[in-house]
Amino acid sequence: MKRTKLYKLIIAALVIINVGMLVFFLAGGPPNSPPDPGDLSKELGLEGKKRSAITLLEVTHHTDKRALMRKDRELHETLFSKLGTDEDVSNLQEEIEVNHAEIERMTYEFFNEVAKECNAEQKKQLKGMIYHTFRQMKGPKGK
């Protein structure tokens, strides 16, 4: 009698944990997904034509960046498929570096174009958002 009660309690706890995990994963969205188009202009308080221009820039930027990130993944897969061989990979490594440089260039140009549409207060807010992202990219403190 006590054992079945214990088993029922364990099963109930596991069901609650599973439901909680499902809600957490489904509500959170995919990790590292780009923000929805229009989020940036909304956060900056842009209106009218400026908001439309920034939203269009966001869509274009994320589409182009996704393609470069896909290319980066493919280049890395090719690079690491060469492990254990004596094949020269220097050209592949250079191509990876060029791809990274292109990602950095296009990201800077995107935010530069956004800044051109902002007033002084909005530029300050934009820079704060960018620096906040830099701090997140650094990782946890002490490492």
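The values are calculated or read from the model by the stated rules, or taken from the named source; none is laboratory data. On a predicted model such as this, the values are computed, not experimentally measured, just so you know. Neighbour counts are summed over all protein chains in view; Cβ atoms, including those assigned to glycine, are modelled from backbone coordinates with ideal geometry.
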- request: Only residues that are out of contact with any Cys (no Cβ under 7 Å at 6 or more places or on another chain) and in contact (Cβ under 8 Å) with a residue 24 or more places away in the chain: list them for segment 42-57, please.
  value: GLU43, GLY45, LEU46, LYS50, ALA53, ILE54, LEU57
- prompt: What do you reckon, is GLU74 free of Cβ contacts under 8 Å to residues at least 12 places away in the same chain and over 30 Å from CYS118 (Cα atoms)?
  reply: yes
- line: Picked from segment 89-101 (must be among the polar types (S, T, N, Q) and over 17 Å from LYS65 (Cβ atoms)), the residue surrounded by the most Cβ atoms within 10 Å (Cβ to Cβ) is GLN93
message: among the acidic types (Asp, Glu), surrounded by 12 or more Cβ atoms within 10 Å (Cβ to Cβ), out of contact with any Leu (no Cβ under 7 Å at 6 or more places or on another chain) and closer than 18 Å to GLU58 by Cβ: which single residue out of GLU113, GLU104, GLU109 fits that description?
response: GLU109
query: Is there a residue in segment 55-67 that is outside any helix (DSSP H, G or I), surrounded by fewer than 13 Cβ atoms within 10 Å (Cβ to Cβ) and at pLDDT 85 or above?
result: no
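One line per residue, one yes/no per condition, for (1) outside any helix (DSSP H, G or I); (2) free of Cβ contacts under 8 Å to residues at least 12 places away in the same chain:
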site	(1), (2)
THR78	no, no
ASP86	yes, yes
TYR108	no, yes
GLU121	no, yes
GLN125	no, no
TYR131	no, yes
- request: Go through segment 87-143 and give me each residue that's closer than 20 Å to LYS49 by Cα and not assigned by TED's automatic domain parsing to the domain that holds LYS49.
  value: none
